[in-house]
Amino acid sequence: ATGGIFKTTDGGLNWAQQGAGVIFATANTSFPDVLHFWDANTGLAVGDPVAGEFEIYTTADGGTNWTAVAGANIPDPIAGEYGYTRVFSVVEDIFWFGTNKGRIYKSTDKGATWSVVQVTGLIDLIEIDYKDENLGWARYLDASSNHTFMRTTDGGATWTQVLPTGNGTMHLGGLAYVPKTDMTLVSTGVDFNIGDLGSSYSLDGGDTWEDIDFENQYTTVNFFDNITGWAGGFNLDATTGGMFKYDGGFVATGITPAIADYKLKLYPNPSTGLFYLAFDAENNLPINVLVTDALGKVIMKTEYKDKS
């Protein structure tokens, strides 16, 4: 009858409700949409409007205590407006979430104060993700339920439609930016009725797409870095559908400029562990090579000189 936030400190064996009867406590109305923590203490929870205001809470002690964000700090919802589960994006202190009226709420101070933007002609925001404080992507539905793919380069103040091309298909389910890449996106398909199944990727911010697979249903997708990602769908039976883990890789930010500036060749990329490095150093200057894992830990360090 009400919403709730639950916390575990033993890996999921036991859960305790936080703020029971205090937060998201309005019967038959409260509905938490999204929850995010920047660290072990600082968190934000966003829920649907109650009594004419979006129900938003912040915490500074890991959820032991929650503070309601004052309605004066949140733009008022319009008639019939509500948020969606999983339709949000976070970059450092900036938080965006979308609504069924095509509006994007934005906070630059971890939820203390908010602004909102409406994209003209689009009524339903169903996916949103950002690379940084300026570059982001969103997918909307218009009044005829047609999908419209949009990109912003100014943090969401203005949006421009993107018309994808290429050999692959941009799917209509999940959409995610791949961290540690320049502009790589992954889309997933969810609709059996129209044959929108599988996944695809774009290396240029959504302008062109290449297919990954065609057979699976993925309701959502997310990436931790340029080699680690997951997609989830419905289980059709005990062994069909469910969770999937990506086993490929995407070029990380910084490799392309290095090739251009220092005549480096690194291949194959992605690699299963064995790769080749070639270079043409001018004036016999040494090149220092650091190889790191996905978390940034240095696993190899060496120096090469041109032997030509």
>> How would the stretch 125-167 be classified by its alpha-carbon gyration tensor: rounded, prolate or oblate, with rounded meaning a/c under 1.5 and the a/b versus b/c comparison settling the rest?
In response: oblate
> For the chain, what class follows from the C-alpha gyration tensor (a ≥ b ≥ c being the square roots of its eigenvalues): rounded when a/c is under 1.5, otherwise prolate if a/b is larger than b/c, else oblate?
Replying inline: prolate
> GNM, the chain, Cα, under 10 Å: largest mean-square fluctuation among GLU92, GLU53, GLU210?
Replying inline: GLU92
> How much area per residue is accessible in the chain when the probe is 1.4 Å and only protein heavy atoms are counted (Å²)?
Replying inline: 54 Å²
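Assign one of three labels to the stretch 138-202, namely rounded, prolate or oblate, based on the Cα gyration tensor with a ≥ b ≥ c the square roots of its eigenvalues; rounded applies when a/c is under 1.5, prolate when it is not and a/b is larger than b/c, and oblate otherwise.
Note, shape of the stretch 138-202 comes out oblate.
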> Counting each DSSP H run of 4 or more residues in the chain as -39500 (n - 2.57), what helix-only mean residue ellipticity at 222 nm follows after dividing by all residues, to the nearest 500 deg cm²/dmol?
Replying inline: -500 deg cm²/dmol
> Under a 1.4 angstrom probe, counting protein chains only, how are ARG86, ARG151, ARG103, ARG139 ranked by accessible area, largest first?
Replying inline: ARG86, ARG151, ARG103, ARG139
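Would you mind telling me the share, in percent, of accessible area of the chain contributed by carbon and sulfur at probe 1.4 angstrom?
Carbon and sulfur atoms account for 54 percent of the accessible area of the chain.
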>> If you take every residue apart from ASP213 with its C-beta less than 14 Å away from the C-beta of ASP213, what net charge results, scoring Lys and Arg +1 and Asp and Glu -1?
In response: -4
>> So if each residue of separation counts as 0.36 nm, and I subtract the Cα-Cα distance between LEU290 and GLU81, what length gain in nm does that give?
In response: 70.2 nm
> To the nearest 10 square angstrom, how much accessible area does THR29 have with a 1.4 angstrom probe?
Replying inline: 60 Å²
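The values are calculated or read from the model by the stated rules, or taken from the named source; none is laboratory data. Remember, it's a predicted structure, so these values are computed and weren't measured experimentally. FYI the Cβ positions are ideal-geometry reconstructions off the backbone, even for glycines, and counts take in every protein chain you see. What goes into the accessible areas is simple: the full protein's heavy atoms, side chains included, and nothing from ligands, DNA or RNA. Shrake-Rupley method; radii C 1.70, N 1.55, O 1.52, S 1.80 Å.
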